[in-house]
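See below for the structure under consideration.
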Amino acid sequence: MGQFLEFAGNHPLLMAALILIITILVMNEFKRKLLGFKEVGLNDAVRLINQQDALALDVREDKEFRDGHIINAVNIPLGLLESRLNEIEEHKEKPVIVYCRTGQRAAKAGALLQRQGFSSVHKLNGGMMAWIDASMPVSRK
């Protein structure tokens, strides 16, 4: 312990960086718990779609969706999601994987779905960018 205190005293910038990183990690974990939905990677998303008939919900704008999306995904832009929830009502008790380009809009959509009673909401980690980067199948229909 004495060596640690000596190191901390001799390297205040490194200690500040360590404290900052730990704080960010803890805050990220609390944020994830508060949002109420899980973030899933590509493999878990594919497994949910194939084995549990999960709905892939694309919350990007129509043009982004037409440029390429997960096969069989449903497109409801984030701004219209609340008014169009009736279109996905039958999936309330099934897994729903929400995604957008990178994940920002999907997080908002996931929180909305949780508040509306969807029981198994998942956000695709990295969004469509991660999907494309991994050379996963993309539909342009």
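The values are calculated or read from the model by the stated rules, or taken from the named source; none is laboratory data. Since the structure is predicted, the reported quantities are computational estimates derived from the model, not experimental observations. Virtual Cβ from ideal backbone geometry, glycine too; neighbours counted across all protein chains shown.
Look through region 79-103, keep the residues that are modelled with pLDDT of 95 or more and under 13 Å from Asn125 (Cα atoms), and return whichever of them is surrounded by the fewest Cβ atoms within 10 Å (Cβ to Cβ).
Arg101
Being surrounded by 12 or more Cβ atoms within 10 Å (Cβ to Cβ), under 14 Å from Ser120 (Cβ atoms) and not basic (Lys, Arg) is true for just one of Leu18, Leu57. Which residue is that? Walk me through how you get there before you give the answer.
Details: Leu18 fails: under 14 Å from Ser120 (Cβ atoms).
Just a single option satisfies the conditions, and that option is Leu57.
If you take the residues in region 47-79 that are in a helix (DSSP H, G or I) and acidic (Asp, Glu), which one is farthest from Lys108 (Cα to Cα)?
My answer is Asp67.
Can you spot a residue in region 58-79 that is of a type in the set (Phe, Trp, Tyr) and touching an Asp or Glu at 6+ places or on another chain (Cβ under 6 Å)? Steps first, please.
Start the filter on region 58-79 by keeping residues that are of a type in the set (Phe, Trp, Tyr), which leaves 65.
If we keep only those that are touching an Asp or Glu at 6+ places or on another chain (Cβ under 6 Å) too, we end up with 65.
Taking every residue of region 58-79 in turn, at least one turns out to be of a type in the set (Phe, Trp, Tyr) and touching an Asp or Glu at 6+ places or on another chain (Cβ under 6 Å).
Take Glu82 and decide whether it is part of a helix (DSSP H, G or I) and within 19 Å of Gly117 (Cβ to Cβ). Steps first, please.
Working: part of a helix (DSSP H, G or I): yes; within 19 Å of Gly117 (Cβ to Cβ): yes.
Criteria met by Glu82.
Which condition does Glu39 not pass, out of (1) surrounded by 18 or more Cβ atoms within 10 Å (Cβ to Cβ); (2) outside any helix (DSSP H, G or I), if it passes all the others?
Among (1) surrounded by 18 or more Cβ atoms within 10 Å (Cβ to Cβ); (2) outside any helix (DSSP H, G or I), Glu39 violates only (1).
Filter region 109-141 for residues that are crowded, with 16+ Cβ neighbours inside 10 Å, basic (Lys, Arg) and out of contact with any Asp or Glu (no Cβ under 8 Å at 6 or more places or on another chain) and give the result.
Matches in region 109-141: none.
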